[in-house]
Amino acid sequence: MCLGQSRASLDYRFGTVAADIPSRHISVRGGNIWACFWRCTNAVTEDGFTHYGGTLRPADRLLSVSTCNRLFRLPDGTTMGTPIPFGSKWRGYRRITMEGGVFGWEKRVHFKTQTVVVTVSTTRGRARCVYLERG
């Protein structure tokens, strides 16, 4: 599964879901992945309807993936449970405060013409979840 991958290729491999659903849960060996075709973070809610920004980004390509299962290993070696020392910077990441006051770490990785925002949430100073989003 790759950022930018088409909805059709994911449907072919993991089964079809309705095209107007902005995200889907995919079970893979070792855990579960949350895949979003619209911008699933920073959504705006008005009158009980959530706007995901589908008009700002294509809805037929994978824009973000996330997991809180042990199946992730980032290129820098970060996995679930990796200890992260307290400070403002670590391995090219900068510390951020996430929703709910949880500490997290974020960095932008440039690959060819794409930018990927990598966010790692922590629990008790250890990596817990990873979120990858096209920047």
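Structure above, values below:
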read-out: Subset tally (residues that are of a type in the set (A, V, I, L, M) and closer than 12 Å to THR119 by Cα) for the stretch 65-101; value: 4
read-out: In the stretch 35-58, residue modelled with the highest pLDDT [restricted to those that are closer than 15 Å to TYR131 by Cα and surrounded by 11 or more Cβ atoms within 10 Å (Cβ to Cβ)]; value: ALA35
read-out: Residues (open to solvent by 30 Å² or more (accessible area, probe 1.4 Å) and closer than 19 Å to CYS68 by Cα) located in the stretch 103-132; value: PHE103, GLU106, LYS107, VAL116, THR123, ARG124, GLY125, ARG126, ARG128, TYR131, LEU132
read-out: Selection count, the stretch 3-34, where residues are open to solvent by less than 80 Å² (accessible area, probe 1.4 Å) and at negative phi; value: 20
read-out: Of the criteria (1) assigned to a strand (DSSP E or B); (2) under 30 Å from TYR12 (Cβ atoms), which one ARG95 fails; value: (2)
read-out: Search result, residues across the stretch 61-78 that are crowded, with 19+ Cβ neighbours inside 10 Å and in a loop (DSSP other than H, G, I, E, B); value: LEU62, LEU63, PHE72, THR78
read-out: Members of the stretch 79-102 that are at pLDDT 90 or above and open to solvent by 70 Å² or more (accessible area, probe 1.4 Å); value: PRO83, PRO85, PHE86, SER88, LYS89, ARG91, ARG94, ARG95, THR97
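The values are calculated or read from the model by the stated rules, or taken from the named source; none is laboratory data. Since this is a predicted model, take the numbers as computed values, not measurements. Reconstructed Cβ throughout: ideal geometry from the backbone, glycine too, with neighbour counts over all protein chains shown. Ligands, DNA and RNA are excluded from the accessible area calculation, which covers all protein heavy atoms including side chains. Shrake-Rupley method; radii C 1.70, N 1.55, O 1.52, S 1.80 Å.
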